1. Give, rounded to the nearest 20 debye, the magnitude of the charge dipole that the chain has about its Cα centre when Lys and Arg contribute +1 at Cβ and Asp and Glu contribute -1 at Cβ.
2. If R0 is 51 Å, what FRET efficiency do you get for Glu242 and Arg3 from their C-beta distance, rounded to 0.05?
3. Against the longest alpha carbon principal axis of the chain, how many degrees, from 0 to 90 and to the nearest 10, is the axis of helix 11-22 turned?
4. Using θ = phi - 60° and the Karplus relation 6.51 cos²θ - 1.76 cosθ + 1.60, list the HN-Hα couplings for segment 234-243 in order, rounded to whole Hz, with x at every Gly or Pro.
5. Over all directions, average the projected area of the Cα convex hull of segment 2-121 and note it in nm².
6. Using a 7 Å offset from the Cα along the Cα-to-Cβ direction at both Ser249 and Thr197, what is the distance between the two label points in nm, to one decimal?
7. Using only Cα atoms and rounding to the nearest 10 degrees, what angle (0 to 90) does helix 128-139 make with the longest principal axis of the chain?
8. Report the charge-dipole magnitude of segment 255-334 in Debye, nearest 20, computed about the Cα centre from +1 at each Lys and Arg Cβ and -1 at each Asp and Glu Cβ.
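Where a number appears in this text, it was derived from the coordinates with a stated rule and is not lab data. The shown structure was predicted, so the numbers you read here are calculated from the model rather than taken from an experiment. Neighbour counts run over all protein chains shown; Cβ positions are idealised from the backbone, glycine included.
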Amino acid sequence: MLRIGVVGCGAIGREHIDRITNKLSGGKVVAVSDVFVEGAHKVGDPIGATVYNNSADLVNDPDVDAIICTTPGFAHKETVMQAIEIGKPVFCEKPLTTTAEDSMDIVEAEIAGGKHLIQVGFMRRYDKGYRQVKEMLESGEFGAPLYLKCTHWNPEVGTNYDTPMAVYDTAIHEIDVLHWLVGDEYESAQIMMPRQTKHTHPDLKDPQLMFLKCRSGLIAMVEVFVNCRFGYDINCQIVCEEGVIDLPSPAVPTYRKSGGLTTPIGHDWKKRFIEAYDTEIQEWINSTRKGEMNGPSAWDGFVANLTADALVASQQTGEVVPIDIGVVPEFYKK
Ligand code: NAP
């Protein structure tokens, strides 16, 4: 049994605690922490977990074998560095940190420790649909992928969500999964701002059109519209030399009523990728118990941050910003 400590008992922290406790196998949440300690007690007490008000005490608890970090992005580095220091595996929700510089500090610390300890929560790589698309592309039957068209539509966000968050909190999923799908690396990024919705606020540009160019010349276009009102709707279409692949959304019943044929669209991100989260955490538990780390790495987290930084820079100017990921360290070569 893997004894897990969860740092951050907010929305996704509670989701992961619930799936480990009630759905998955091989793991048990034995400790939780949150700066809002009442919140930690609310989730920790019913499952008999030790409750802490800070991350360091949880990480150093000898009863904790591995850590799940589900605090907001700006707080991830602290917990991840503490875990590396003591040599404990850590599953860190995306983004690894909020800047490439901070993520590089983590990469360097992990390499210096000489042991793979970090997995980043890029759960799209565990989604059945994305995995099928990757298999189809790798089969070669579709020829080379030429360009991708993706949408990340979200019904609404709060006033604490600002323009850069559209990149490092939202598009970070597409940033990671798209180059993983096509087996390529980004070389430049650009953002264009179309007409803005009346539903946004002064600190948020919404929608945003993002363009990522890969070394092969492939271009990914990602529309991020986080106040779209109608639902949480993630789409991806890959145009290839020999055909076009559309990412299948999970099947839902359609219905005919009042003179119309309707396909419902959900509002809740937790439900859209629920199976992917289950698979992701189950595979992390399984590999961690075997002393392995097979999922998205700290290097993947760094590459996503570097790409995000280029997009955020383009938010200011609209210009094309180059991306140079350098050479993949031997430590991360698969
Ligand atoms: P959330 O609801 O705000 O929860 C974060 C929790 O961490 C809150 O209880 C917060 O307390 C607490 N916290 C803040 N600073 C802390 C610190 N230094 N130490 C310990 N606890 C701290 O956020 P969330 O939606 O769960 O998101 C958490 C992370 O998961 C983010 O990185 C987010 O991007 C990621 N996420 C990933 C996905 C995915 O699809 N993979 C989906 C959702 C979220 P206060 O409220 O008192 O500040």
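1. Roughly 1100 debye, rounded to the nearest 20.
2. Once the sixth-power term is evaluated, E becomes 0.55.
3. It works out to around 60 degrees.
4. Result, rounded to whole Hz: 10, 10, 8, 10, 10, 8, 10, 4, 10, x.
5. Convex hull of Cα atoms, orientation-averaged projection: 6.5 nm².
6. Inter-label distance under the simple model: 1.5 nm.
7. Compared with the principal axis, the helix lies near 60 degrees.
8. Using Cβ point charges on Lys, Arg, Asp and Glu, segment 255-334 gives about 560 debye.
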